[in-house]
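Chemist: This is the structure I want to talk about, given as structure tokens.
The values are calculated or read from the model by the stated rules, or taken from the named source; none is laboratory data. None of these values were measured; they are calculated from a predicted model. Heads up, the Cβs are rebuilt from the backbone with ideal geometry, glycines too, and the neighbour counts pull from every protein chain shown. Side chains included, ligands, DNA and RNA excluded: accessible areas come from the protein's heavy atoms. Shrake-Rupley method; radii C 1.70, N 1.55, O 1.52, S 1.80 Å.
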Amino acid sequence: MELLRLGLRLLLFNLLLVSLTIAGFLYLVPWAAVVVSAAAALLLSVFFAAAITGTLEDLTRRLEDRQRATETLASEVAHELKNPLASIRSAAEMLHEVREPEERRRFAAVIQEEVARMERQVSQLAEITRIDARLENEEQVAVPVNGLLAQVAERFRLRENGRVKFELEAPEEVLTVRASPERLTQVFENLLDNAAGFSPAGGAVRVALERSRDGGALIRVSDEGPGIPPEHLSRIFDRFFSHRPGEEGRRARLHPGLGLAIAKAIVEGYGGSIAAGNAGAGGAVFTVRLPSSRTGISRQVMGRS
Amino acid sequence: MQSRTELVAVVDDEKNIRETVAFALKREGYRVNTYADGAEAWAAFRRELPDLAVLDILLPRMDGRELCRKLRAKSETLPIVFLTSKDEELDRVLGLELGADDYLCKPFSMRELVARVKVLFRRAALASDPSRREEAKMLRAGSLEIDGLRYTARWRGEPLALTVTEFLLLQALARHPGHVKTRQQLMEEAYPNDAYVSERTIDSHVKRLRRKFESRDAAFSGIDTVHGLGYRWIEAGAE
């Protein structure tokens, strides 16, 4: 950055010299004109130099931001992979030492389970790092949200097979947003998956769609689970943030903590917003706002830094 | 299987780690209680203190640092071992102030962890028994005095609060003053049961070890970095 500023200063100085030389050629022109032209040249070069410096500084800052984001992600990933690695390593060591078949089966199962978890983490990670680039390249169409939510809810009804109920409330009018249907499906699958994971047996997950004040779509996904502890609200969309109280079984293993981060990246990519909160009666509520397909969302997608 | 009565608490939110560690320690004859988060562990510790605690740093509800501080407030001698998945986390988190007795980086070797637990129980038992001073296990290098039986060291007569890893590193260096020890050699001495320790881990332990000396003696320069080779102990007063 310092080098850049120095270079610009030299450039400025050169411009000044050039303008003075031009003035020298016009030797016969009255002295006052020389001064005026030199001053004009000076002002112009100052103006350009300032403009160039501004642009370059902005560019450098954005590159630095991106660099930092990459570094943060790399350290998060390293950190996140060490837990399954630790389980795998200790289980593998114990396999060497124990002879009882039942214990050996248990440690082999730990290794398989953790390998599957790492595999999932790695593929979700590939997903989240490419979301920015992918959203820009994917074709966006007007997606009727009512129908999309109905499909997702139906898939979850089949998946959960009665353990959790899925209720959909949608208005008569069809609300559309501009998006890739697959991406939008992914957003609600992740939200419903999260809600189902926290639901007690027999609980209900409610999906409510309505028109927002600015004409866009407002979707609320609420569950009857324990809700989100207030201290976690600010971190719930962070990559790898995962908090599952009292959950020890296989379900917890299936969630590497990227689903909500991915949902957020997609929603924001489409110029919308996502928020998490708790319902008065208990349970978590996730609110997604998406701009209407009639307002230029693609502009917002492109304008993202 | 020997029968011991010591109670070890294992606190980690990773179920598989918690259970494997518990299994390995029970095989050694220890009694083991496991906890999935800091608050649950603390609730249990308030009723009964364990004889040793193995804590993960990042824990839900109450993190390992806070749990360690609370444990320390209740007992100054209870051995505490940290498990961590972030190497750099240690620098920030475990300075001189927390008073952990040792820490291992994930993915750690289970054999190494079991060995450390045994050392810590031995160190704790001998700390309260000053009668058994075995001269054969004492090592002196200038102003440094190392007690190989108790895993303790003194600098100019003052005790240093060293983790087991730091102690093993210091012992390896001070045994041959002036001789360079490569990182590989130091790894073998500090982690005799673990073949995969990164060289950076050694560097950060040495850094912390130096800092502990410097907190006693600002002009300390007994541990010399030999560029491209490793480290060596320099006799105090000889520099």
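Chemist: Considering only protein heavy atoms, what per residue accessible area in square angstrom results for region B:129-238 with a 1.4 angstrom probe?
Modeler: Numbers: 5500 Å² over 110 residues.
For region B:129-238, the per-residue accessible area is 50 Å².
Chemist: Of B:Tyr103, B:Ala127, B:Ala218, whose Cα points farthest to the positive end of the dipole of chain B (charges on the beta-carbon: +1 Lys, Arg; -1 Asp, Glu; origin at the Cα centre)?
Modeler: Of the candidates, B:Ala127 comes out farthest on the positive side.
Chemist: For A:Ala279 and A:Leu85, calculate 0.36 nm times their separation in residues minus their Cα-Cα distance, and state this gained length in nm to one decimal. Let's see the in-between values first.
Modeler: Details: separation 194, 0.36 × 194 = 69.84 nm, distance 3.76 nm.
Between A:Ala279 and A:Leu85, full extension yields an extra 66.1 nm.
Chemist: Which value in deg cm²/dmol, rounded to the nearest 500, describes the helix-derived mean residue ellipticity at 222 nm for chain B, given -39,500 (n - 2.57) per DSSP H run of n ≥ 4 and division by the residue count? Please list the in-between numbers first.
Modeler: Working: 8 runs with 96 residues, N = 239.
So the calculated ellipticity at 222 nm is -12500 deg cm²/dmol.
Chemist: Whenever you get a sec, line up A:Glu172, A:Glu76, B:Glu48 from highest to lowest accessible area (probe 1.4 Å, protein heavy atoms).
Modeler: Values: A:Glu172 180, A:Glu76 50, B:Glu48 100 Å².
The residues order as A:Glu172, B:Glu48, A:Glu76, largest area first.
Chemist: On a full-extension model of 0.36 nm per residue, what is the gain between A:Glu119 and A:Ser212, subtracting their alpha-carbon distance, rounded to one decimal in nm?
Modeler: Separation in residues times 0.36 nm, less the Cα-Cα distance, equals 29.6 nm.
Chemist: Dipole magnitude of region B:129-238 about its Cα centre, charges +1 at Lys/Arg Cβ and -1 at Asp/Glu Cβ only, in debye to the nearest 20?
Modeler: 180 debye
Chemist: Just to be sure I understand: if you take the accessible area of chain B alone plus chain A alone and subtract the pair, with a 1.4 Å probe, what total do you get in Å², rounded to 100?
Modeler: Chains B and A together bury approximately 2300 Å².
Chemist: Using Cα atoms only, what is the angle between the long axis of helix B:110-127 and the major principal axis of chain B, expressed in degrees (0 to 90) to the nearest 10?
Modeler: So the helix axis and the longest Cα principal axis differ by about 80 degrees.
Chemist: Take the alpha carbon atoms of region B:7-126, find their radius of gyration, then divide it by 2.2 N^0.38 Å using N residues; give the quotient. Each step should come with its number before you reach the end.
Modeler: Values: Rg = 12.9 Å, N = 120, 2.2 N^0.38 = 13.6 Å.
Compactness ratio reported: 0.95.
Chemist: Angle check, please: helix B:15-27 long axis (alpha carbons) against the longest principal axis of chain B (alpha carbons), in degrees 0 to 90, nearest 10.
Modeler: Compared with the principal axis, the helix lies near 80 degrees.
Chemist: Lysine pairs in region B:7-126 8 or more apart or on different chains: how many have alpha carbons under 23 angstrom apart?
Modeler: 9
Chemist: Between B:Thr225 and B:Glu189, what is the label-point separation in nm under the 7 Å Cα-to-beta-carbon projection?
Modeler: Inter-label distance under the simple model: 1.9 nm.
Chemist: Separate question: Would you work out the charge dipole size for chain B about its Cα centre, treating the Cβ of every Lys and Arg as +1 and the Cβ of every Asp and Glu as -1, and quote it to the nearest 20 debye? Present the calculation step by step, with values, prior to reporting the outcome.
Modeler: Values: 40 positive and 39 negative charges, 93 e Å.
Magnitude of the dipole: close to 440 debye.
Chemist: Can you tell me the FRET efficiency between B:Lys26 and B:Ser204 if r is taken as the Cβ-Cβ distance and R0 is 35 Å, rounded to the nearest 0.05?
Modeler: It comes out at approximately 0.65.
Chemist: Further question: Using a Förster distance of 41 Å, how high is the FRET efficiency between A:Glu169 and B:Thr5, based on the Cβ-Cβ distance and rounded to 0.05?
Modeler: Working: r = 61 Å, r/R0 = 1.48.
For A:Glu169 and B:Thr5, the calculated efficiency is 0.10.
Chemist: Please state the charge dipole magnitude for region B:7-126, taken about the Cα centre, from unit charges on C-beta atoms (+1 on K and R, -1 on D and E), reported in debye and rounded to the nearest 20. List each step's numbers first, then the result.
Modeler: On the way: 21 positive and 21 negative charges, 99 e Å.
Dipole size: approximately 480 debye.
Chemist: Under the definition of Cα pairs under 8 Å and six or more residues apart, what whole-number percent is the relative contact order of chain B? It would help to have the intermediate numbers written out before the result.
Modeler: Details: 370 pairs, mean separation 31.2, N = 239.
Computed value for chain B: 13 percent relative contact order.
Chemist: Taking every residue in A:88-100, how many Cβ atoms of other protein chains lie within 10 Å of its Cβ, on average?
Modeler: On the way: counts 3, 9, 14, 6, 3, 10, 7, 0, 2, 5, 3, 0, 0.
Counting Cβ atoms of other protein chains within 10 Å of each residue's Cβ and averaging gives 5.
Chemist: Separate question: Can you work out the FRET efficiency for the pair B:Ser215 and B:Ala73, with r the C-beta to C-beta distance and R0 = 30 Å, to the nearest 0.05? Spell out each step's value before the answer.
Modeler: Working: r = 21 Å, r/R0 = 0.71.
My answer for the efficiency is 0.90.
Chemist: So, one more: If the convex hull of the alpha-carbon atoms of chain B is projected onto planes in all directions, what is the mean projected area in square nanometres? It would help to have the intermediate numbers written out before the result.
Modeler: Numbers: hull surface 52.7 nm².
Projected over every direction and averaged, the Cα hull of chain B covers 13.2 nm².
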